[in-house]
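The values are calculated or read from the model by the stated rules, or taken from the named source; none is laboratory data. Every value quoted in this text rests on a predicted model; they were computed, and no experiment measured them. As a convention, Cβ positions derive from the backbone with ideal geometry for all residues, glycine included, and neighbour counts pool all protein chains shown. All accessible areas refer to the heavy atoms of the entire protein, side chains included, with ligands and DNA or RNA removed. Shrake-Rupley method; radii C 1.70, N 1.55, O 1.52, S 1.80 Å.
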Amino acid sequence: MERPASLLNQEAAARLAAWYRENSRDLPFRKSRNPYHIWVSEVMLQQTRVTAMLPAFERFIERFPDLQSLAEAELNEVLGRWKGLGYYQRARNLHKAARQMRDEGLMEPPLEYDRLLGFAGIGRYTAAAIASIAGDKMHAVLDGNVKRVLSRLLNREEKESVLQKHADEFLVRSGQRPSILNQAMMELGAIVCVPGKPDCKACPLLEHCLAFAAGGAEHAAGLPVSRRSASIPLHVQVFVHRRVVDGQCQYALAGNADGPFLKEELTFPYTAAEQGRYRYRSAILPDTDRPSFRAGSFRHSITKWRIQCEVFLREEELDGALWVAEDAIENRLHSSFSGKVLELVRKASDGAYDSTATHQARGVKQSRNLKTKQEELDQKEQYHQPKRKGHPDAVYHPGIGKKRDHLTKDQGKKKGNR
Ligand code: SF4
């Protein structure tokens, strides 16, 4: 007969707390009781592994050491300091919440769980982490690691509300400080009760674990059943428009509020098609045919999308664009996706831009060099762009496989909806 979850008693909690004191990693944000540092670190950790997050955390705290400095900063700078972490909405919310707190006269995040929930981007997990770790308030933290540990301790799949109830009950009867017990549960999930095969022999809760009792580490490894949705293929064509003004190269950027990814980020204009069906087109892209230099392609994963991206370069004006100079472009593009596009364009047109040439001469030089580059590419990849009806941006490329008229047709059909 299955044992009850009440095996998570004071004795289990004492073992867990002792294990945590002995074995926890030396992480700067775990030593801190500063609610601002705890808040920033927990937000960063939500979608990012500790190893990737640590240098970014240190850089962020160095530039924005407290709530005031974050609230006073320009959003663009905050996004710049978020580089490499992805999911930029977290940085926007962090900045927005810092301003909300400042406007309420706060010098640091409050420690009251309910009050924390009122600020931008702070949900139950983040509120519980701040309130319990910084304030030792009785709120159990339920992150992905803790959910996995609890599912295995209980030897069953449970919905989040049930797991939260078990976590709360364990915390209340533990006799331990919430800051210690919560961090111990998170750390156990991060380094012992890991997603692959858990290291049950090193686990302080081995005697309390129903999954281990039922079938050892092999059996426990199957819990919880992964519910990760498969990533969805998306075909993206990015059109980098470039011009030269007063001797400096400028790039055209577009708003992306309705895009399938990087919402609210500035991006190079692009089209996106999902399973051959049109999904998105930057509003400022022209409908008429334009000569484009194919700079190359790359693969990229972002949120649920598995992107196959082709990059095209156009040396021409683009109405409605935000033009950003070469030396400022990296301050406006924060995502690694746009970084890959830029890198490809720079590589492909390497030598085409000569800062010492006159505007006119440079234009000729650029066109000539890009033409040569294109010819090289054509020879290498037997690149063709046959005359045909359909969307001007549709491109035939044997390296990618198929004529892009599927995009063209769907775009054409849906044009009236845009
Ligand atoms: Fe996880 Fe194994 Fe510990 Fe159970 S005994 S909580 S499965 S590490």
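Using a probe of 1.4 angstrom, how much of the accessible area of the stretch 35-148 is carbon and sulfur, in percent?
49 percent
Per residue, how much accessible surface does the stretch 236-356 expose to a 1.4 Å probe? Answer in Å², no decimals.
Here the residues of the stretch 236-356 average 42 Å² of exposed surface.
Determine, from the Cβ-Cβ distance of residue 100 and residue 245 and an R0 of 56 Å, the FRET efficiency 1/(1 + (r/R0)^6), rounded to the nearest 0.05. Intermediate values should be presented prior to the final figure.
Working: r = 39 Å, r/R0 = 0.70.
Rounded to the nearest 0.05, the efficiency is 0.90.
Around residue 97, with a cut-off of 11 angstrom between Cβ atoms, what is the net charge of the other residues, counting Lys and Arg +1 and Asp and Glu -1? Provide the component values of the computation, followed by the final result.
On the way: positive: 90, 92, 96, 99, 102; negative: 103, 104.
Neighbour charge sum, excluding residue 97 itself: +3.
Which values, in whole Å and largest first, are the semi-axes of the equivalent ellipsoid of the stretch 167-275 obtained as the square root of 5 times each eigenvalue of the Cα gyration tensor? Display every interim value, and only then the final one.
On the way: eigenvalues 505, 79, 34 Å².
In descending order, the three semi-axes are 50, 20, 13 Å.
Determine, from the Cβ-Cβ distance of residue 31 and residue 283 and an R0 of 51 Å, the FRET efficiency 1/(1 + (r/R0)^6), rounded to the nearest 0.05.
0.60
What order do 38, 284 take when sorted by accessible area (1.4 Å probe), most exposed first?
284, 38
Between rounded, prolate and oblate, where does the stretch 28-152 land on the alpha carbon gyration tensor, with a ≥ b ≥ c its root eigenvalues, rounded for a/c under 1.5, else prolate if a/b exceeds b/c?
Here the stretch 28-152 falls in the oblate category.
At 20 °C and a viscosity of 1.002 mPa s, what translational diffusion coefficient does Stokes-Einstein give for the stretch 84-145, taking Rh as the Kirkwood radius over Cα pairs? Give it in µm²/s as a whole number.
Translational diffusion coefficient: 176 µm²/s.
Just report the Cα centroid separation between the stretch 16-35 and the stretch 335-349, whole Å.
Spelled out, the Cα-based centre of one part sits 40 Å from the other.
Compute the signed sum of charges (Lys and Arg +1, Asp and Glu -1) over the other residues within less than 12 Å, Cβ to Cβ, of residue 64.
That sum, taken over residues with Cβ under 12 Å, equals -3.
May I ask which of 165/197; 147/201; 197/304; 165/304 have a Cα-Cα span longer than 28 Å here?
Table pairs above 28 Å Cα-Cα are 165/304.
Between residue 74 and residue 23, with labels modelled 7 Å along Cα→Cβ, what's the label distance in nm to one decimal, could you check?
According to this spin-label approximation, the distance is 4.8 nm.
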